[in-house]
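Have a look at the structure below before the remarks.
The values are calculated or read from the model by the stated rules, or taken from the named source; none is laboratory data. In this text, all values refer to a predicted model and were calculated from it rather than measured experimentally. Cβ: placed from backbone, ideal geometry, glycine included. Neighbour counts: every protein chain shown. Just the protein is used for accessible areas: all its heavy atoms, side chains included, with ligands, DNA and RNA removed. Shrake-Rupley method; radii C 1.70, N 1.55, O 1.52, S 1.80 Å.
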Number of protein chains: 2
Amino acid sequence: MSRTERRTVRDLRRGHRAMLLRALYFGGPASRHDLCAATGLSAGTVSTLTADLLDEDVVIEAGQVDSDGGRPRVLLRVNPDHGYAIGVDVGETQVRVELFDLGMTERSGASYALHSARHDPELVVRHLLEGIDTVLADSGVPAERVLGVGVGVPGVVEAGPDALVHATTFGWHAVPFGALVRAGTSLPLFVDNGAKTMGQAELWFGSCRGVSDAVIVFIGSGVGCTIVADGAIYRGSARAAGELGHLKIAAGGRPCRCGGRGCFEAYVGAEGILDRAGITADSADQRPALARLLETGSPVLADTASLIGLGLSNLVHLFDPERIVIGGWAGLMLGESLLEPIRAATAANTMATSFPPVPIVLGALGADAVAMGAATLVVEEFLRGAQPAGAQATA
Amino acid sequence: MSRTERRTVRDLRRGHRAMLLRALYFGGPASRHDLCAATGLSAGTVSTLTADLLDEDVVIEAGQVDSDGGRPRVLLRVNPDHGYAIGVDVGETQVRVELFDLGMTERSGASYALHSARHDPELVVRHLLEGIDTVLADSGVPAERVLGVGVGVPGVVEAGPDALVHATTFGWHAVPFGALVRAGTSLPLFVDNGAKTMGQAELWFGSCRGVSDAVIVFIGSGVGCTIVADGAIYRGSARAAGELGHLKIAAGGRPCRCGGRGCFEAYVGAEGILDRAGITADSADQRPALARLLETGSPVLADTASLIGLGLSNLVHLFDPERIVIGGWAGLMLGESLLEPIRAATAANTMATSFPPVPIVLGALGADAVAMGAATLVVEEFLRGAQPAGAQATA
DNA sequence: AGACCATAATCTAAGCCTTGAAAAAAGTCA
DNA sequence: TGACTTTTTTCAAGGCTTAGATTATGGTCT
C-alpha cells in the first residue's frame, strides 16, 4: 500500500535540507551550483539552506574552483568535526570499539579479547563501556560531541527499546543488550545485526556504492546477509530478515548449531567447512585453520564453492539483485582463491534468461567493516534528522 | 540511500490528494471527519480536496450517518463508475479477460481455451484483444472510460516498453508481449508476472490486507511468489524477483523443466507432485489428476507437505514476513488437507526465537485472482496519479 | 415551540516554502 | 578600464496548510 505521510510545508524544508546534506556527504565537496543540479532545487533554495547549514557549522567551505572567466565556485562539504560516531563490533573473538569523525576517518580504537564460552553479556557490556571511555580519552573528543554509539552483534536484534538479542553462537536468548548498555551510558544507542552493519558499510563506502538492489553476504564462523531493496536495508517485520545462514539447502542434511539440519551455514560457514574437512577448531583458531586448509588444499573446498554457488543462486532467484557482495573474514579468505568457481557454480544453478549474470564481487572494506558499519547507523540518523545541533537549547 | 525527491509546494497537494483517495478506496465510505483522522490532515484541507474530487466525479456521496445530537456526517466513497479496468490472466490452459469497475466488481468476462503446445504468442494476443472487445461490448462500457489493461503472464517480465516475457513453460524467450498487445489496442497497458498480480490481489483485498511484510506463494503447475516489503511489492533490479519455483532445495536433485536440478517447483509444483506419484498429465488434466490424488491419498503427499514446509522456512529466514499466504489452484487444493502438516514442517525447519511462529494461511480470493490482480495494476496507477479526469482537455 | 447544545463542514487570516527573475558579487580577457 | 561570464544572493509572487472562527444541521430540554 506504500507509506504515505501527512506533510506540512515545513516538512518540505526538512526534507530538502536532508537531501542537500546527503548530497554533500556522499557527493564529496560540491558548490552550490553543483547542488542545484544534484538535488533539482532552485538556486535560491540551495542558497538559503546552505546558509543555515554553514551557520550551524554542519557544513564548511572547502576551497574554490575557478570557472572559465566567471565568479569562482565555492566548494562546500560536511564538516567532519561537527560530530563523531562510535562503532562497536561484538564478534566471536573480540569486542572492538572505534571512534570515527563524520567523514568516517577512524580517530581511535580499542579491542578486548573474548575467550570462547565466555560470552557473558555483562562482560561484553563492560568491555564495550570501557572501550567507549578509552576511545574518547585517546582521541580527546568530548563525549557531548558524540552523536551516538552503533553496535553490531552476531545475532537477531528484536525491535524495541531493550534491543533484545538472540545469538545462538553466544548462547544469548532474548538478552536485553540495549538496556544493559543504556544503563552505562547516556549516548544515543543503535544496535543491529553485525552482518547488517557490515552490509551498510559496503553499501555506503564499499562494493555497493550507488547500487539500489543487492545482497551482501557475510561469511564468518557463521553466515548472514544484508538485503538491500530500493536502496535501503530490508529488515523484515521483526528485524530478523537475512538469516541466510539457516537457509535449508538439503532436506535432512548436516546438523547445524541452531539445532536444525541442512542449514547453509553448516556447510559453508568457517566452522562447517573445517568440520567437513575433519578439523575441530576453537573460534579463536578458526582463522588460521581455514588459512592452512586453503594453503594445503582439500577436496572440501571445491564442494564449498559449489555449495556457496547454490546458495547464491537462491538469492538471485528470490531477490534479483543487481550485484552480490561476499564479505566477512572467511568469505574474503575463500574469495581470494575460490571466487571463479563460486561464480561458475552460481551461474550453473541460475535459470537462463537474457539478462547478463549477476556480478559477484568481494567486499571492498576488509574484514573489519562491522564496526564502521555500526558507526554508519549513527551517521544515518544524523543525515535523516539533521536537526540543528542546538535545537533543544534554543527552544 | 533511500529515495529522496525534490518537491514543490504543489506536490504536497498532489500527495495529499492521493492519500485521501487511497484512504477512501481502502477505507470504504468515510466522512470528511473520518478522513481527517485517517490522514492526519486538517479539516480545512480535507474539505477543499474532497470538494475537488467531488467536482471531478471521482468521489461521490454515499448517504449520511447521524451523530449523537449534531450535524450528521456525509459519507463519501470512490465512484465505482468513474472508470473501469480490464484484467487478463494468461494461464497455461486459458486466456481469461475480465472487466471491473473501480470498486473491483466484475462487470463482464470472457475465456479462451489454450491447448497444450499451442502457446503461440500471436494466438494469445489475438485471444486477448478479442476478449477486450467482447467484455466492452457485453458490459456496454465505452472504451474511453477504461483506465487501462493489466495482464498477468506465467513468466518473468522484463522492464521496458516492449515488456519482454520469458516463460519457459510456454517456450517463450524474450517475446515482446507488450509490443504485440500495444499494436492492437491503444489502452494503457501493464504487464506483470501472474504470481505477482495474484499477490497484489491478496494484498489489496485478500489474506494480506493491511500487512506490510509478507510472502504470497503461488502454486499451480509451477511455483512463484510475491514478496511484499514495506507494504509494496518488491520486484528486484530487473523485475525478476520472486522466482521461488527455482529455489534449489537439494544439490543435484530432481531435474526441473527449467533445465536445472533440485528446484522447489520440481518437487511441489502440481506437475512435480504428479510426476513423483508416477502420474503423467497434460496441463489441462493436472487439476483433476491432483484432485484424484488427494482423494485417494498417497505417501507423496506427506513428503510434499514437508518439502513445502522446508521451502517456506527459507522464506521465513530470509524475509521475516508477518504472514505467508498460499494461493494458486494447486496451492489451495493442497492447503485444504495439508495446511496443518505444512505449518508443522515449516515450524520444524525454522530457527527457534522468542517470536511467535509466522502465520501460514490460504489465499482468500480463490484460484481466479490473477485477472483481478492484473486489473489492480491499473487501479494502482489511477490511485497514484489520480490526476483530474479531464486534465489534458482543460489544459 | 423555542432556547440551547453538540457535531460537522466551510471560511479566513497568517505563516512558510519554493520559484524565477533581477541584482549583486567576483573573476577573466582584451 | 570596460565588456563579458559565471556564481550567489535577494525579493516579490503564488501556493499550501493550519488554527480558529463561523456557518450548517440536527437533537434535547423545558
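Proximity of backbone amide H atoms, modeled 1.01 Å from N, is registered between B:ILE326 and B:VAL217, B:VAL361, B:LEU362, B:GLY363 at under 5 Å, excluding neighbours fewer than 5 places apart on the same chain. Residues B:THR280, B:THR296, ordered by accessible area of protein heavy atoms at a 1.4 angstrom probe radius and largest first, appear as B:THR280, B:THR296. Length, then width, then depth: along the principal axes, the Cα atoms of chain A run 68, 54, 43 Å. Report the relative contact order of region A:324-377, percent, no decimals, based on alpha-carbon pairs under 8 angstrom and at least 6 residues apart. Dividing the mean separation by the residue count of region A:324-377 yields 59 percent.
Starting from the Cα of A:HIS115, move 7 Å in the Cα-to-Cβ direction to define the label point; list residues of region A:277-292 whose amide nitrogen is under 15 Å from there. Backbone N within reach: A:282-285. Sequence-ordered 3J(HN,Hα) estimates for region A:207-215 from the Karplus curve with 6.51, -1.76 and 1.60 and θ = phi - 60° stand at 6, 10, 3, x, 8, 9, 9, 7, 10 Hz, glycine and proline given as x.
Comparing A:LEU76, A:VAL9, A:HIS33 along the charge dipole axis of region A:9-78, the residue lying farthest to the positive side is A:VAL9, per the Cβ-charge model.
Note on the protein assembly as shown: with charges restricted to the Cβ of Lys and Arg (+1) and Asp and Glu (-1), its dipole about the Cα centre is near 340 debye. Counting only DSSP H runs of at least 4 residues, each contributing -39500 (n - 2.57), and dividing by the residue count of the protein assembly as shown, the helix-based mean residue ellipticity at 222 nm comes to -13000 deg cm²/dmol. Phi-derived couplings, Karplus 6.51 cos²θ - 1.76 cosθ + 1.60 at θ = phi - 60°, listed residue by residue for region B:187-204: 5, x, 10, 10, 10, 8, 4, x, 5, 6, 5, 4, x, 5, 5, 5, 5, 7 Hz, with x used for Gly and Pro. Taking all Cα pairs closer than 8 Å and separated by 6 or more residues, the relative contact order of chain A comes to 16 percent. Rounded to the nearest 20, the Cβ-based charge dipole of region B:273-314 about its Cα centre (Lys and Arg +1, Asp and Glu -1) stands at 80 debye.
Simple point charges give the picture: +1 on the Cβ of Lys and Arg, -1 on the Cβ of Asp and Glu, and for chain B a dipole about the Cα centre of about 940 debye.
Each other copy holds its own label point for B:PRO357; taking that point as 7 Å from Cα along Cα to Cβ, the gaps run 3.9 nm, nearest first.
Label separation (B:PHE26 vs B:ARG261): 4.5 nm, computed from points 7 Å beyond Cα along the C-beta direction. When the solvent-accessible area of region B:209-364 is split by element, carbon and sulfur atoms take up 52 percent of it, the probe being 1.4 Å. Where a ≥ b ≥ c are the square roots of the eigenvalues of the C-alpha gyration tensor, would you call the protein assembly as shown rounded, which needs a/c under 1.5, or, failing that, prolate if a/b is larger than b/c, or oblate? In terms of gyration-tensor shape, oblate.
Per residue, how much accessible surface does region A:203-330 expose to a 1.4 Å probe? Answer in Å², no decimals.
30 Å²
In degrees, nearest 10, range 0 to 90: what is the angle between the Cα axis of helix B:43-55 and the longest Cα principal axis of chain B? With both axes taken from Cα atoms, the answer is about 80 degrees.
Suppose a student asked you for the relative contact order of region A:249-297, using Cα pairs under 8 Å spaced at least 6 residues apart; what percent would you report? The normalised contact order for region A:249-297 reaches 21 percent. Taking every residue in A:222-234 and counting other chain Cβ atoms within 10 Å of its Cβ, the average works out to 3. Against chain A, whose longest principal axis is taken from its Cα atoms, helix A:329-349 shows a tilt of about 80°. Taking a ≥ b ≥ c as the square roots of the eigenvalues of the alpha-carbon gyration tensor, region B:186-229 is classed oblate because a/c is 1.5 or more while a/b is no larger than b/c. Could you name every residue in region B:310-350 that has 50 Å² or more less accessible surface in the full protein assembly than in its own chain alone (probe 1.4 Å, ligands and nucleic acids excluded)? Those residues are B:ASN314, B:HIS317, B:LEU318, B:PHE319, B:ASP320.
Partners of A:LYS248 within straight-line reach, counting lysines whose Cα lies under 17 Å from its Cα and excluding those fewer than 8 residues away in the same chain: B:LYS248.
Figure legend: label point modelled 7 angstrom from the Cα of A:VAL65 along Cα→Cβ; residues of region A:2-31 with amide N under 20 Å from it are A:20-31.
Legend: mean number of C-beta atoms from other chains within 10 angstrom of residue C-beta atoms, peptide B:152-165, equals 1.
The string of couplings for region A:35-41 from the Karplus curve (6.51, -1.76, 1.60, θ = phi - 60°) is 5, 4, 5, 5, 9, x, 7 Hz, one whole number per residue in order, with x for Gly and Pro.
Principal semi-axes of the equivalent ellipsoid, √(5λ) from the alpha carbon gyration tensor of region B:69-163, are 34, 15, 12 Å from largest down.
Quick check on region A:279-395: take the gyration tensor over C-alpha atoms, sort the square-rooted eigenvalues as a ≥ b ≥ c, and tell me if it's rounded (a/c under 1.5), prolate or oblate. Oblate is the answer for region A:279-395, as a/c is 1.5 or above yet b/c matches or exceeds a/b. Using Cα springs under 10 Å in a Gaussian network model of chain B, which residue among B:GLN64, B:GLN94, B:GLN286 shows the largest mean-square fluctuation? Highest fluctuation of the listed residues: B:GLN64. Computed from the Cβ-Cβ distance with R0 of 30 Å, the FRET efficiency linking A:ALA143 to B:ARG10 stands at 0.10. Inter-chain Cβ neighbour count for B:205-218, averaged per residue, equals 1 (cutoff 10 Å, partner chain atoms only). Think of the protein assembly as shown as having a plus end and a minus end, set by charges on the Cβ of Lys, Arg, Asp and Glu; of B:TYR267, B:GLY150, A:ILE60, A:ILE60 sits farthest toward the positive end of this dipole. Here's how it looks for A:LEU189: its modeled amide H is under 5 Å from those of A:VAL149, which are all 5 or more places away or on a different chain. Quick one: angle between helix B:286-296 and the longest Cα principal axis of chain B, in degrees between 0 and 90, rounded to 10, please. Roughly 60 degrees between the two axes.
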